[in-house]
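The values are calculated or read from the model by the stated rules, or taken from the named source; none is laboratory data. Here the structure is a predicted model, which is why all the values come from computation and not from measurement. Note that we place each Cβ from the backbone using ideal geometry, even for glycine, and neighbour counts take in every protein chain shown. Calculation scope for accessible area: heavy atoms of the full protein, side chains included, ligands and nucleic acids excluded. Shrake-Rupley method; radii C 1.70, N 1.55, O 1.52, S 1.80 Å.
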Amino acid sequence: MIEESLDHLRPWEPWVARHSEESTRDFLAKSESKWANGDVYNYAIAKDGTLIGMCQTYRGAEPQGRRIGYWLHPAATGQGIATRATAAMVTEMFTLPDVEYLEVAHDLANTSSAAIPRRLGFTEVRREQVTPPAAPSGSGIDVVWRLNRPTPPVDGSRRP
C-alpha cells in the first residue's frame with residue numbers, strides 16, 4: 001500500500017525519499033515503545049478492511065500540545081476519509097488530560113492538506129519559514145493550524 005502511494009506522497013512527505021522495506025520494519029518496531037511512552041500515537045486508516053492510510057499524533061514543542069499528521073493512498077483521497085480519521089483522532093486526543101491543543105502543519109502549497117484543519121475548525125496561527133523546503137514540491141513555508149481543547153460550559157450542562 002505504501003509502495004502504491006509513493007508517487008502521490010513524494011511531493012509532500014520527506015520520509016518517502018528514505019522509504020524502504022527496512023525503514024517500514026524499523027518504524028513498526030519503534031512504534032510500540034513510542035506509543036507506550038506517549039510520544040507518538042499511530043493509527044491505521046482502513047476502508048472495508050483494507051489499509052488505505054495512516055494518521056498520527058506526536059508531542060509538539062510544548063508539553064501541552066500535540067501535532068497531527070495524515071496521509072492516504074491516492075485512490076482514497078477526496079472522499080472525506082482523512083477528515084473523518086483526523087476528527088476521530090482529535091476527539092481521542094482531547095480525552096487525554098494533558099492535551100490543551102492540537103496542531104496541523106503543512107506546506108503552503110499543499111492545499112489538500114489545508115482543507116482538513118479548516119473543515120475541523122482549526123485556526124491558522126502562524127506561518128514558518130522552512131529552509132530548505134522539507135519536501136520536493138514544498139514552498140518552504142509551513143502553515144500551522146491550531147485547535148484548542150473545548151471549554152466545558154460554566155453551568156455544567158451539555159451544549160446541543
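Annotations for the structure displayed:
- H73 passes every criterion in (1) touching a residue at least 40 places away in the same chain (Cβ under 8 Å); (2) closer than 27 Å to N37 by Cβ apart from (2).
- Single residue of E128, E124 found to be assigned to a strand (DSSP E or B) and surrounded by 13 or more Cβ atoms within 10 Å (Cβ to Cβ): E124
- Long-range neighbours under 9 Å by Cβ, at least six apart or interchain, first residue basic (K, R) within the range 36-50, second open to solvent by 60 Å² or more (accessible area, probe 1.4 Å): K47/Q79
- Screening R118, R67, R84 for residues that are basic (K, R), part of a strand (DSSP E or B) and either within 23 Å of T24 (Cβ to Cβ) or open to solvent by 50 Å² or more (accessible area, probe 1.4 Å) (or both) leaves exactly one candidate, R67.
- All positions within the range 92-115 that are within 17 Å of D39 (Cα to Cα) and open to solvent by less than 20 Å² (accessible area, probe 1.4 Å): M93, V99, Y101, L102, E103, V104
- Every residue from the range 39-64 that is in a strand (DSSP E or B) and among the small types (G, A, S): A44, A46, G53
- T57 being β-branched (V, I, T), at negative phi and surrounded by fewer than 17 Cβ atoms within 10 Å (Cβ to Cβ): no
Condition check ((1) modelled with pLDDT under 80; (2) open to solvent by 80 Å² or more (accessible area, probe 1.4 Å); (3) small (G, A, S)) across all residues:
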{"position": "L6", "(1), (2), (3)": "yes, no, no"}
{"position": "P14", "(1), (2), (3)": "yes, no, no"}
{"position": "S33", "(1), (2), (3)": "no, no, yes"}
{"position": "A36", "(1), (2), (3)": "no, yes, yes"}
{"position": "A61", "(1), (2), (3)": "no, yes, yes"}
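- Of all the numbered requirements in (1) at pLDDT 85 or above; (2) in contact with a Lys or Arg (Cβ under 9 Å, 6 or more places away or on another chain), R118 misses one, and that requirement is (2).
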